[in-house]
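After the structure tokens below, expect a handful of questions from me.
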Amino acid sequence: MPNLKDLKNRISSVKSTRKITKAMQMVAAAKLRRAQEAAENSRPYQERFNAVLGGLAASVGSSDSAPLLLRGTGEDKVQLLVVMTSERGLCGGFNTNIVKLAKQHAQKLIAEGKTVKILTVGKKGREQMKRDYQSNMISHVDLSEVKRLGYDNAKDIATDLLARFDVGEFDVATIFYSEFQSVISQIPTALQVIPARYDAPEGQEAAAIADYDYEPDQDQILTDLLPRGVATQIFAALLENGASEQGARMSAMDNATRNAGDMIEDLTVEYNRSRQAVITNELIEIISGAEAL
């Protein structure tokens, strides 16, 4: 049985840990509100942007005159996986779930005889991916010094991807991130961004787009909009990741705080029992000594 001093020190240590996890939970809750608003506010723009590009892409089709970003290279031998995770831990399974999806995708491609290249965004994803795929990793984007994510961060990543695509480093690029649903639900998602995939709009929206006359022609407009579309998709993924990270951290710290409270109760009970046993032994010794006299 541990002595009283060890138990007392452990109780004090767990109480200090509980204060830290409670503070981190409150900070995550405050950050989650802003991150969730940013992610939700970006969705209408992204949906409308994708609808417009979907209508344009449907009218152009996959003809030779279509932009390269839309029709692709015609092959899928070299695949680039962009794994987007957080720079910090203590957020439950947020990073692990994204990396797990990326690894499953990489294993499937390698089994099919494809060449896999990996670009990571966020330190936690890099640490996990390099354990199994260090030879496949070609670059890393560090966002640890970024205080607040903005479109410029996504544009820089998109510019790098487009430059690599232009020189023929890969045929297909897929981003991996976590889509925010709620504090307790974040869905790991894989989205192909190069060549671009845009579904044609349906119903009245499709008819409205079809009635537009474009100046300059649709091919030139697509040539200008498709790179912006890649940046927009990456920016939306970063915002979704930001909200998912804070939601996962808030949930993880809440669970940690509760577990610390349960541990303190158990240790307190053990401390009281040990203290009572010590007192009982001392009383027995005193009584035995008195009887011996």
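The values are calculated or read from the model by the stated rules, or taken from the named source; none is laboratory data. Just so you know, these numbers come straight off a predicted model, no measurement behind them. Please note: Cβ atoms are built from the backbone with ideal geometry, for glycine as well, and neighbour counts cover all protein chains shown.
Only one of (1) among the polar types (S, T, N, Q); (2) more than 13 Å from the chain's Cα centre (by Cα); (3) more than 27 Å from LEU70 (Cβ to Cβ) fails for SER139. Which number is that?
Failing condition for SER139: (3).
Only one of GLU40, GLU47 is outside any strand (DSSP E or B), closer than 26 Å to SER144 by Cα, among the charged types (D, E, K, R) and under 23 Å from the mean Cα position of the chain (by Cα). Can you tell me which?
The conditions single out GLU40.
Regarding VAL193, is this residue in a loop (DSSP other than H, G, I, E, B), β-branched (Val, Ile, Thr) and either surrounded by 13 or more Cβ atoms within 10 Å (Cβ to Cβ) or at pLDDT below 90 (or both)?
no
Being closer than 28 Å to GLN186 by Cα and at pLDDT below 90 narrows it down to one of PRO216, PRO227, so name that one.
PRO227
Something else now. What's the total number of residues in the range 244-280 that are of a type in the set (Gly, Ala, Ser) and more than 13 Å from PHE94 (Cβ to Cβ)?
Step one: filter the range 244-280 for residues of a type in the set (Gly, Ala, Ser), giving 244, 247-248, 251-252, 256, 260-261, 274, 277.
Keeping just the survivors that are more than 13 Å from PHE94 (Cβ to Cβ) gives 256, 260-261, 274, 277.
Total satisfying the criteria: 5.
Additional query: Among the listed residues LEU239, LEU267, identify the single one that is touching a residue at least 24 places away in the same chain (Cβ under 8 Å), closer than 24 Å to ALA196 by Cβ and touching a helix residue (DSSP H, G or I) at 6+ places or on another chain (Cβ under 6 Å).
Going through LEU239, LEU267 in turn, just one is touching a residue at least 24 places away in the same chain (Cβ under 8 Å), closer than 24 Å to ALA196 by Cβ and touching a helix residue (DSSP H, G or I) at 6+ places or on another chain (Cβ under 6 Å): LEU239.
Of all residues in the range 70-100, how many are at pLDDT 90 or above and surrounded by fewer than 19 Cβ atoms within 10 Å (Cβ to Cβ)?
Result for the range 70-100: 5.
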